[in-house]
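S.K.: To start, I am sharing the structure in question, which I have written as structure tokens.
Taken together, the values in this text are just the output of simple stated rules run on the coordinates, not laboratory data. Keep in mind that this is a model prediction, so the values were computed, not measured. Here Cβ is always computed from backbone atoms with ideal geometry, including for glycine, and neighbour counts include all displayed protein chains.
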Amino acid sequence: MEKIVIEGGTALHGTLRASGAKNAALPILIATLLAPGEHRLTNVPALTDTSYTLSLLGRLGCPSLIGPDSIRLDTTRVAFNEAPYDVVRKMRASVLVLGPLLARCGEAHVSLPGGCAIGTRPIDQHLKGLEALGCTFELSGGMIHGRADDLHGADFTFDVVTVTGTENVVMAAVLARGTSVLRNAAMEPEVVDLCNFLVSIGARIEGIGTDTLTVEGVPRLWAASRPYRILPDRIETGTYLCAAAVTGGDITVTGTDPGILGSVLDVLRAAGCEITTGADWIRCRRTGPLTPFEVTTAPYPDFPTDMQAQLMTVAALANGQSRIEETIFENRFMHAAELRRMGASLHHTSSVATIDGVEGLQGAAVMASDLRASAALVLAGLAATGLTEVLRIYHLDRGYENLVGKLRGVGARIGRVSDAVTDPGAMKRSLSAPEFEAIA
Ligand code: EPU
């Protein structure tokens, strides 16, 4: 296993490019199952979650070819309709094959995902929505066995706003007989991107970007002749803007979309950062002290839970007391204890964290618990004095393409090193430039 080593305390300056959004790429890759033919997708991020998804599609009989700037997927034949436990346990988003497999094959066998580090994460709304469309389910041996003998339109209201739940149900509705109206649908930009992709392969969806999706089922979908470009990753973008905030730097993220980061930019401005934007870039610059702020996570367009951990690192360095409320997941403050080990002053209940900003953080060995918690710890390491080691970085590889390379490009002293390499003195001293090159 590898870990990330950071020598912090350097203000980061420069420009880096956003990758495609993980949470749009995964459902769109899976949505290709709905339309026989050869699909071409561009701006797909190179992540372990992308590899898991391609290998899942391969197991269903749909091979893929990864080119320099696009992925080709051949979904002419779906030979199997099962996503077993060994696939779903690696990546919860695998459950997204349920809707497309039911719509295309009339039958699907998908392992029931368990909870994960951030919460219990039930999928009752996925099943309820698909049942409204005429699907039937039996649960046995940890598997969901689904049938869709008569997939038909329905008027369905989600009890809670769910991103992948909306995606699963909309992917089945596009091939259902008749009209579906999906109410209280998630409005996240990644859901919008999936719907736009579905339209590009022949689906009829109205209300895209609102909380009510009206889907006119069609008998068939076809792979589009033109490639589809995945939207930029707003969470990755926000994370790099936070890197400028915590180091007192000046970072411009290009190839992004300021229009889908409104709530995050508002919080960074409240924290004392100067934010400027263009059509496809965002610049974050901090010259003065960080100021405290209050933020509550909520479905889009409000502040995303996927930026909560990173903003906690910003709050840890602010000049006063900040408050962060998490309303989406019940266990998403795992990074707080690790930040405390780096000198942060904070306490929290299961949903509210109060953070008293400190003058500086100190490097330490810390353990990543999930993807965004890992990003928060990397940010803390960039701001801290001395060396930080972030362990269990496989979480980061699931969601941040070339994180180390991108941060090095804006001046960070950061590298990856095998976990097995131990240097007892490493946490007490800094690294010389050649030593750092050796681990990069
Ligand atoms: N929920 C239910 N029942 C359901 C589905 C969801 O009660 O059937 C609850 C959840 O327990 C949670 C809330 O609804 O309290 C929202 O969960 P949601 O279903 O929206 O989450 P998700 O679809 O499983 C996606 C992202 C997450 C992101 C959340 C919230 C993907 C692949 N994952 O998860 O991304 O945090 O939406 O925006 O799109 C990440 O990228 O780090 C990540 C965790």
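S.K.: Return the calculated 222 nm mean residue ellipticity for the chain, to the nearest 500 deg cm²/dmol, obtained by summing -39500 (n - 2.57) across DSSP H runs with n ≥ 4 and dividing by the residue count.
M.R.: -9000 deg cm²/dmol
S.K.: Lys3: net charge of surrounding residues, Cβ under 9 Å, Lys/Arg +1, Asp/Glu -1, itself excluded?
M.R.: -1
S.K.: Relative to the present Cα-Cα distance, how much length would full extension add between Thr385 and Asp302 at 0.36 nm per residue of separation?
M.R.: This chain segment gains 26.5 nm when fully extended.
S.K.: Full extension from His347 to Ala46: what is 0.36 nm times the residue separation minus their Cα-Cα distance, to one decimal in nm?
M.R.: Gain on extension, His347 to Ala46, equals 104.8 nm.
S.K.: Using the Karplus curve 6.51 cos²θ - 1.76 cosθ + 1.60 with θ = phi - 60°, work out ³J(HN,Hα) for each residue of segment 395-409 in order, rounded to whole Hz, and write x for Gly and Pro.
M.R.: 4, 5, 5, 6, x, 10, 6, 6, 4, 5, x, 5, 5, 4, x
S.K.: When a/c reaches 1.5 or more, the comparison of a/b and b/c decides; with that in mind, is segment 22-229 rounded, prolate or oblate per its Cα gyration tensor?
M.R.: Because its axes are fairly even, with a/c under 1.5, segment 22-229 counts as rounded.
S.K.: Here's a follow-up. Could the peptides 335-345, 93-103, 356-366 be put in order, highest first, of the mean number of other beta-carbon atoms found within 10 Å of their residues?
M.R.: Ranking, from highest mean packing down: 93-103, 335-345, 356-366.
S.K.: Using a Förster distance of 35 Å, how high is the FRET efficiency between Thr287 and Asn402, based on the Cβ-Cβ distance and rounded to 0.05?
M.R.: For Thr287 and Asn402, the calculated efficiency is 0.80.
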